[in-house]
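Q: Have a look at this one.
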Ligand code: MG
């Protein structure tokens, strides 16, 4: 599927058990071929995973995530927006953050290869992440969470190896300045008139 500027792209997350647990609607900025660039505007209503008792993942342990699973809960995205680069191939997505007008860095979210769904794509978060500074140095994030998930069998040793290799493969491009780390996107700014895109009501079942 190709995307046109202005389209709304539904990004849906399934949990490791397969249930839909998250969604966000992105305003397509450009179809770059290997990546689609989509903007998550401040004020967007998104669905994020929470524990059955309503706690957010950061308020619970990884053991609790695995034992109880997640359900989706709506909330309004606050603060600065995020530009998400969604790959056509590759088990990750890359999120550009700003703090006010200053580019803050790239978050590499390791997640399964995207599968098409009506009006968007879906994927499953794989717990391990990387952060790339504006000067292009990078480091792992959430390695301890990932290690617990591997120890608990959420990911097999082979899957864990592949996830880590994908992170190394993607971040190795950071120094080159090629996509998804192209400098031109670090100075991109959204049209201030854009309204937040809405997650469709049937997001979990489409
Ligand atoms: Mg992640």
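Q: Using a Förster radius of 25 Å, what is the FRET efficiency between residue 61 and residue 104 based on their Cβ-Cβ separation? Nearest 0.05, please.
A: 0.35
Q: Roughly speaking, what is the stretch gain from residue 117 to residue 68, that is 0.36 nm per residue apart minus the C-alpha to C-alpha distance, in nm to one decimal? Intermediate results must be reported in sequence, preceding the final value.
A: Working: separation 49, 0.36 × 49 = 17.64 nm, distance 2.65 nm.
Taking 0.36 nm per residue and subtracting the Cα distance, the gain is 15.0 nm.
Q: How big is the gap, in Å, between the Cα center of the stretch 1-15 and the Cα center of the stretch 77-103?
A: Comparing the Cα centres of the stretch 1-15 and the stretch 77-103, I get a distance of 14 Å.
Q: Something else: Could you compute the FRET efficiency for residue 148 and residue 1, with r as their C-beta to C-beta distance and R0 at 35 Å, rounded to 0.05? Numbers along the way, then the final one.
A: Details: r = 36 Å, r/R0 = 1.03.
Efficiency at R0 = 35 Å is approximately 0.45.
Q: Now for a separate question. Based on DSSP, what percent of beta bridges with both residues in the chain are antiparallel, to the nearest 5? Mind dumping the intermediate values first?
A: On the way: 48 of 53 bridges.
The answer is about 90 percent antiparallel.
Q: Have a look at 75, 136, 27 and tell me which one the Gaussian network model of the chain (Cα, springs below 10 Å) gives the largest fluctuation.
A: 75
Q: Further question: At a Förster distance of 25 Å, what's the computed FRET efficiency of residue 78 paired with residue 169, Cβ-Cβ distance as r, to 0.05? Could you put the intermediate results ahead of the total?
A: Numbers: r = 33 Å, r/R0 = 1.30.
Step by step, r from the Cβ atoms, then E = 0.15.
Q: Next up: For the chain, modelled as a GNM with alpha-carbon contacts under 10 angstrom, which of 192, 72, 157 fluctuates the most?
A: 192
Q: Given a 10 angstrom Cα cut-off, can you work out which residue in 51, 26, 40 is the most mobile in a GNM of the chain?
A: Most flexible of the set in this elastic network: 51.
Q: Can I ask one more? Explain nothing, just the number: relative contact order of the stretch 1-138, from Cα pairs under 8 Å at least 6 residues apart, as a whole percent.
A: Values: 322 pairs, mean separation 29.7, N = 138.
Contact order relative to length: 22 percent.
Q: Go ahead and estimate [θ] at 222 nm for the chain from helices alone: -39,500 (n - 2.57) per DSSP H run with n ≥ 4, summed, over the residue count, rounded to 500.
A: On the way: 4 runs with 35 residues, N = 206.
One gets -4500 deg cm²/dmol as the mean residue ellipticity at 222 nm.
Q: Taking 8 Å as the Cα distance limit and 6 or more residues as the minimum spacing, I'd like the relative contact order of the stretch 45-201 as a percentage. Provide the component values of the computation, followed by the final result.
A: On the way: 226 pairs, mean separation 25.8, N = 157.
This gives 16 percent for the stretch 45-201.
A short reminder: the numbers here are calculations on the coordinates, not readings from a lab. Since the structure is predicted, the reported quantities are computational estimates derived from the model, not experimental observations. So basically every Cβ, Gly included, is an ideal-geometry build from the backbone, and we count neighbours across all protein chains shown.
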